[in-house]
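What follows draws every value from the coordinates through simple rules; no lab data is involved. Since we're looking at a predicted model, the values are computed, not measured.
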Amino acid sequence: MFANMLVFNTKAELNDYLDSVGPYTLVNRAAFAADLLDFVRSNDNVFNVDYLVDDGEWIEIDNDGYVVADMLNG
C-alpha cells in the first residue's frame, strides 16, 4: 500500500528513529506493530512523545496501527 513504509515495534525503536532522523511527519509513512501497537491502543490510539524537548508532541494511529496524524515539532 505505501512505499518505504516504516514499522516500529517498540517505543525504543520509535525514539531512536526520531532521535536520528528528526521530528518529521510520520503520516502515511509509518505503522506501529507488536508491543508498541498494544501500548498505543491502550492509550486511545495516541502516543505522547514526551522524551523530546518540546511538550505536546504526539502521534495518532488508526485501529490497524497506521499513523494518521501527528504533531512533531522540528
Legend entry - Nonlocal amide H pairs with Glu57, under 5 Å, H built at 1.01 Å: Val49
Legend entry - Placed amide H near Ala69: partners under 5 Å, 5+ positions off or other chain: Glu60
Legend entry - Share, in percent, of DSSP beta bridges within the range 6-71 that are antiparallel, nearest 5: 75 percent
Legend entry - 5 angstrom amide H check on Leu6, placed H, neighbours 5+ away: Ala30, Ala31
Inset, instruction - Taking just the C-alpha trace of the chain, give me its Rg and Dmax in Å. - result: 11.1, 33
Inset, instruction - Enumerate the calculated ³J(HN,Hα) couplings along the range 34-47 in order (Karplus 6.51 cos²θ - 1.76 cosθ + 1.60, θ = phi - 60°), each rounded to whole Hz, writing x wherever the residue is Gly or Pro. - result: 6, 4, 5, 4, 4, 4, 6, 4, 6, 10, 6, 6, 10, 10
